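Have a look at the structure below, then the notes.
FYI, it's all coordinate maths here, none of it is from the lab. These figures come from a predicted structure and were not determined experimentally. Ideal geometry is used to build each Cβ from the backbone, glycine not excepted, and the neighbour counts take in all protein chains shown.
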Amino acid sequence: MTAVVQPQRDAAVAYRAERVAFSYGPRRQSTEGGMEGWALRGVSCDVGEGEILGIIGPNGSGKSTLLKLLGALLLPQQGTIRLQERPLDSFSRQELARIVAYVPQQSSVIFPFTLAEFVLMGRFPHRRTGGVLGGFGWETAEDLRAAGQAMEAMEILHLADRAISDVSGGERQRAFIACALAQAPRVLLLDEPTVFLDLRHQVDICAIMRRLNREQGLTVVWVSHDLNLASQYCDRLLLLQDGALARLGAPSAVLQPEVIESVYRCPVLVDRHPASGVPRVTLP
Amino acid sequence: MMRGGAVPVEAETRTATEIAPSILTSTRWLATVSALAVASVATVLVCLHFGAERIGLAEVVAILWRAVQEGRLAAESAGSSAVIVLEVRVPRLVLGFLVGGCLAAVGVTLQAMLRNPLADPYVLGVSGGAAVGASLAIVTGLSAAGAVWLPVSAFAGSLLSLALLYRIAAVYGHLSVHTLLLAGVIINALFSALIMFLTSLMDPTHAFRVLSWMLGSLAAPDDLSLSVVASFLAIGGLLLARQARALNLLTVGEDSARSLGVDVERVKRTLLVTTALLTGAVVSVSGLIGFVGMAVPHAARMLCGADNRLLLPACAFSGGMFLVIADTVARTALAPAELPVGVMTALVGAPFFLYLLVVRKGGRAL
């Protein structure tokens, strides 16, 4: 990917976060205005509609926390987040689930749902409600179609009747992503989606992400440890350091050797990818 | 996603038909539930014919048929066999069926909510809390004021212990299988001490009744307590059924459920109150009956999968059958002496529990 898409000033914005701060523990704010112990310390950023944004940074820099805040799984103690120009906390859970899908970091499922049943859970926000047994509602043909398509895209259709508690880590990871795709979201939030996958499935997931992004304008926010995958597939990168924004911009602007060295505290070599020309980070 | 004409229509319908056999459909739901209902009726009929007095299966059916035709009161004059069946065995079997079904349904719900395949209302101390509530009602004389007060105080007790359990789980974030069981052991120890303390305050006849009831018994329910419990159960069952699909999502994790549009806090509150309601009702009439809530869901999951929409009714039926059979064995094995049914379920359930804990390492549900 050579052309870098910068959201223009008047282009549609999916998310707008302003001075967002979050702390897991009791909020400590010393009189000097320091924010020790906060996971995020006043991060402001935009996510453009139809953009692929990568969130990168060292361990404990607040990447997953920022993603959970965007998914309204955590509520910021300070600052505001707006989705499609509306405050995030003004959406009902169901409204939000029809727009935003979230794929958690690798997690296990203890109960033996079949993979097909698991992916169908993604259709929950599209269920019909009401009636005495409102929560009981059977999946419609449309639900089955969406789940089947998502499973085919993730190449797990042949595993439809296997128990999710029994499949390999990579297969489970693809099932989680298929579940999110079945949700038919406008925004996809992914927490380290490639971490347990082999090379081919890493590339596959990135390619599918990009295809959905290009064909349907799906907005993708993606937390990644892999700087090179992020560089290849993201329009912009957001670099976090100790809960604060270190850099936000095109991969070529963020993946500068001196920036990476100071944030990750580790010497690196940055050159150009021979085929795509995007920055490539390696250890010396 | 996948809207628009990017994929041919034939391919779309193909993928839909391809996953259909791997999911729970309303057809499979209906078939399984009807089969279990038929099996339940058969089990109850067969168990009616066992007992100290031998009454043939054909006679049991004839007595029931006459009772249905003529009404229960008219049937009373129809001989000793009819009295034994209608006045002694039927109420006891109905109670056993309701209690077993409830304990299994509560077990499934707790397992899903706590994401712990070994959760059981007895093992985790929820039943113990209900027993403390019920004992308090007896000591204070509240239970004498009306049939409704015993289940209500038992409900309050189990709600309290569930809240305690959930508070402990919340402190640790996600509690591991074993830590949660350990917390249950401690809560149980506390509650048994409290019950012992309360019984020592009672007069001896009361104390004896409470102690024998603590072992779990289905003997001699009166019509009033039967109907109070049945109405608790009807309300609780409906509330659980309404949340079945949300419960599926909760088993995956709270963040996942939340991002799929479940109002997690509200659903959890509803489920906690409902499980406390059911446990309270059950304990107030039958005392402490253990392991039904853990063993039955495991067997039911092997039979019909993990979807709680089917698992809940399947557990209600199989839990009912399990307890009715256990109680029949308990009252006939050493006839004319009777074993408390809680002894029977523990004899079967505890080794199974150990097997799951040790051999299967408790980490994965069947």
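Can you tell me which residue among A:116, A:184, A:160, A:153 is within 8 Å of chain B (Cβ to nearest Cβ), surrounded by 24 or more Cβ atoms within 10 Å (Cβ to Cβ) and touching a residue at least 24 places away in the same chain (Cβ under 8 Å)?
Result: A:116 is the single residue among A:116, A:184, A:160, A:153 that is within 8 Å of chain B (Cβ to nearest Cβ), surrounded by 24 or more Cβ atoms within 10 Å (Cβ to Cβ) and touching a residue at least 24 places away in the same chain (Cβ under 8 Å).
Going through B:184, B:216 one at a time, which residue ends up being in contact with a Ser or Thr (Cβ under 9 Å, 6 or more places away or on another chain) and touching a residue at least 60 places away in the same chain (Cβ under 8 Å)?
B:216
What is the one condition in (1) basic (Lys, Arg); (2) surrounded by 20 or more Cβ atoms within 10 Å (Cβ to Cβ); (3) within 11 Å of chain B (Cβ to nearest Cβ) that residue A:236 does not satisfy?
(3)
At least 1 residues that are in contact with a strand residue (DSSP E or B) (Cβ under 9 Å, 6 or more places away or on another chain) in each: list the helices (runs of 4 or more DSSP H) lying fully within region B:204-299 that qualify.
So the answer is B:254-259.
Scan A:148, A:71 and give me the residue that is touching a strand residue (DSSP E or B) at 6+ places or on another chain (Cβ under 8 Å), within 24 Å of residue A:216 (Cβ to Cβ), buried (at least 16 other Cβ atoms within 10 Å of the Cβ) and at the interface with chain B (Cβ under 7 Å from one of its Cβ atoms).
Selected residue: A:71, the only one of A:148, A:71 that is touching a strand residue (DSSP E or B) at 6+ places or on another chain (Cβ under 8 Å), within 24 Å of residue A:216 (Cβ to Cβ), buried (at least 16 other Cβ atoms within 10 Å of the Cβ) and at the interface with chain B (Cβ under 7 Å from one of its Cβ atoms).
If you take the residues of region A:75-104 that are assigned to a loop (DSSP other than H, G, I, E, B) and over 16 Å from the mean Cα position of the chain (by Cα), which of them is farthest from the other protein chains (Cβ to nearest Cβ)?
A:85
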